[in-house]
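Step one of this worksheet: look at the structure below.
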Amino acid sequence: GVVRCSFLRANLKWQPGVKALSMTHSIPLPGCLHRFLQECVLRFSQDDGLKFSKGLLSDAPFKEAVEQRQADLASLCLKLASTDEAPAFDDPTRLPIAADDVLGLLREKGVLGETVIRVPRTGHDAGELKCALSEQQVMEAWHDGRTFAMGCAGGSSDDVEELRGLSQREFVEVLARCALHKYAAVRAMQPAERFVAMVGNVMDGKTVEDA
């Protein structure tokens, strides 16, 4: 039962009896079970997911970046949720933003997948950096962002309808986690800088190379 629940939780598109979903796009079972145990059974054990989330709370440049773009981020949440009114940023109420909405946004803006960036080097030919973000990484960011939400407990899991949504705080953390993966090859970039780059991608139309 636990194994089955962990797989269904991690693979929202999969439905019993439907063979249309390619298993190449699903999150493997060992990873599903590990994340289910960490995020539900051992929800606040000291793992990397919680460590990253708590780190955002003490990251002054990150907090400043969020404050500067808070109105824009709220507008984006409203657009994805197809609604006209959003709760306050710190309100844990979840908007009807599906995982597919986030994946679609990142795909549309050219963030999902691999981007090769040419980097000039003094005295040498230009080198290349591969900035990659996979669908699986986005789904992991989705689950972690909903679970920890900047060091706090994510939204309640008692309401089945809420399982498909994101609060504004959770949405920001999902973007921050995606940015961490996408710009991992650019080691000089701090978490706040990666987040700013991601916001530039999804809101300002900047390419990965420009960001």
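How many residues does segment 161-193 hold that are closer than 19 Å to residue 107 by Cβ, open to solvent by less than 40 Å² (accessible area, probe 1.4 Å) and not small (Gly, Ala, Ser)?
Within segment 161-193, residues that are closer than 19 Å to residue 107 by Cβ, open to solvent by less than 40 Å² (accessible area, probe 1.4 Å) and not small (Gly, Ala, Ser) number 8.
When segment 65-102 is examined, which residues are found to be open to solvent by 80 Å² or more (accessible area, probe 1.4 Å) and either aliphatic (A, V, I, L, M) or touching a helix residue (DSSP H, G or I) at 6+ places or on another chain (Cβ under 8 Å) (or both)? Talk me through it step by step, then tell me what you get.
The first filter runs over segment 65-102 and keeps only residues open to solvent by 80 Å² or more (accessible area, probe 1.4 Å), leaving 67-68, 79, 82, 84-85, 90, 92, 96, 100.
Once the filter is applied, which keeps residues that are open to solvent by 80 Å² or more (accessible area, probe 1.4 Å) and either aliphatic (A, V, I, L, M) or touching a helix residue (DSSP H, G or I) at 6+ places or on another chain (Cβ under 8 Å) (or both), segment 65-102 yields 84, 85, 90, 92, 96.
Within segment 181-211, track down each residue that is in a helix (DSSP H, G or I), out of contact with any strand residue (DSSP E or B) (no Cβ under 6 Å at 6 or more places or on another chain) and either β-branched (Val, Ile, Thr) or touching a residue at least 24 places away in the same chain (Cβ under 8 Å) (or both). Walk me through how you get there before you give the answer.
Our first condition is that a residue be in a helix (DSSP H, G or I); within segment 181-211, this holds for 181-182, 191-203.
Remaining after also requiring out of contact with any strand residue (DSSP E or B) (no Cβ under 6 Å at 6 or more places or on another chain): 191-203.
Correct list: 191, 192, 193, 195, 196, 198, 199, 201, 202, 203.
Output the qualifying pairs, or none if there are none: Cβ atoms under 6 angstrom, residues six or more apart or on different chains, first residue in segment 131-143 and more than 20 Å from residue 50 (Cβ to Cβ), second residue part of a helix (DSSP H, G or I) and open to solvent by 40 Å² or more (accessible area, probe 1.4 Å).
133/181
Kindly indicate which of 153, 132, 141, 149 is out of contact with any strand residue (DSSP E or B) (no Cβ under 7 Å at 6 or more places or on another chain) and at pLDDT 80 or above.
Sole residue among the options that is out of contact with any strand residue (DSSP E or B) (no Cβ under 7 Å at 6 or more places or on another chain) and at pLDDT 80 or above: 141.
Using beta carbons and a limit of 7 Å, which pairs, at least six apart or on different chains, have the first residue in segment 69-96 and over 12 Å from residue 171 (Cα atoms) and touching a residue at least 12 places away in the same chain (Cβ under 8 Å) and the second one open to solvent by 30 Å² or more (accessible area, probe 1.4 Å) and outside any loop (DSSP other than H, G, I, E, B)?
72/203; 86/78
Would you mind listing the helices (runs of 4 or more DSSP H) fully within segment 1-92 where at least 1 residues are modelled with pLDDT of 70 or more and touching a Leu at 6+ places or on another chain (Cβ under 7 Å)? Before you say what the answer is, go through the steps one by one.
Details: elements: 2-10, 29-36, 48-57, 60-68, 70-81.
In segment 1-92, the matching helices (runs of 4 or more DSSP H) lie at 2-10, 60-68, 70-81.
The values are calculated or read from the model by the stated rules, or taken from the named source; none is laboratory data. Note that the coordinates shown come from a computational prediction; the quantities given were computed from them, not determined experimentally. Glycine gets a Cβ as well: all are built from the backbone with ideal geometry, and neighbour counts include every protein chain shown. Ligands, DNA and RNA are excluded from the accessible area calculation, which covers all protein heavy atoms including side chains. Shrake-Rupley method; radii C 1.70, N 1.55, O 1.52, S 1.80 Å.
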